[in-house]
Amino acid sequence: MLDTRPTTYAVHGQEIATSDEVAVRVSITGTVAVVDPIAYVTGSQNANTEVHYRFQAALRRVVPTLTLEDLLAQRAELVLDVGDTADLGVSVTNLRILDIMLPPSCVEHGRRPSSHAPRVRPRWSERAARWRRCEAWRMLLGWSTSSRRCTTFGCYSRSAAG
């Protein structure tokens, strides 16, 4: 038995670099319907996987040609084309971009990535040294080392951090 009703198909979170080299995660959706059951069964070993790959290819043809600003501005008008799907026995309609997820650096600062330097986290050795200083002070002052948070340096004790 083969279900020929139209169904919504989505491909989530494809990470693609724009032409200005910003890595965005893009999700697309479209309506897929089986129009030729014989071609659907014989055209590919797994037609759903083939449709998934064609959705990805359509996205990867369009996004790298646009800058981040253009992608955000033209999101609703972008034409995504999966090509001819008659060999799979399906028709694809309403193919559109569902979500555009910006990198964390853009979201944190509310700016485009080219307008600020990347956020630099302290190296592990620096964080460990800070924790050791905190623990040493706690022991010198006779404070309990089992409390969750040190108020002097603002770091967690070893027992609380796990």
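Residues checked against (1) touching a Ser or Thr at 6+ places or on another chain (Cβ under 8 Å); (2) open to solvent by 30 Å² or more (accessible area, probe 1.4 Å); (3) of a type in the set (Asp, Glu):
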position: 46; (1), (2), (3): no, yes, no
position: 60; (1), (2), (3): no, yes, no
position: 63; (1), (2), (3): yes, no, no
position: 77; (1), (2), (3): no, yes, yes
position: 81; (1), (2), (3): no, yes, yes
position: 90; (1), (2), (3): no, no, no
position: 97; (1), (2), (3): yes, no, no
position: 104; (1), (2), (3): no, yes, no
Query - Residue selected from segment 1-42 under the condition free of Cβ contacts under 8 Å to residues at least 60 places away in the same chain, within 16 Å of residue 97 (Cα to Cα) and touching a Leu at 6+ places or on another chain (Cβ under 6 Å), by the criterion least open to solvent (accessible area, probe 1.4 Å) - result: 18
Requested in this report: Could you please let me know if residue 71 is more than 29 Å from residue 5 (Cα to Cα), in a helix (DSSP H, G or I), modelled with pLDDT of 85 or more and open to solvent by less than 80 Å² (accessible area, probe 1.4 Å)?
Outcome: yes
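The values are calculated or read from the model by the stated rules, or taken from the named source; none is laboratory data. Since the structure is predicted, the reported quantities are computational estimates derived from the model, not experimental observations. Cβ sites come from the backbone with ideal geometry, for glycine too, and all protein chains shown count toward neighbours. We work out accessible area using only protein heavy atoms, side chains counted, and drop any ligands, DNA or RNA first. Shrake-Rupley method; radii C 1.70, N 1.55, O 1.52, S 1.80 Å.
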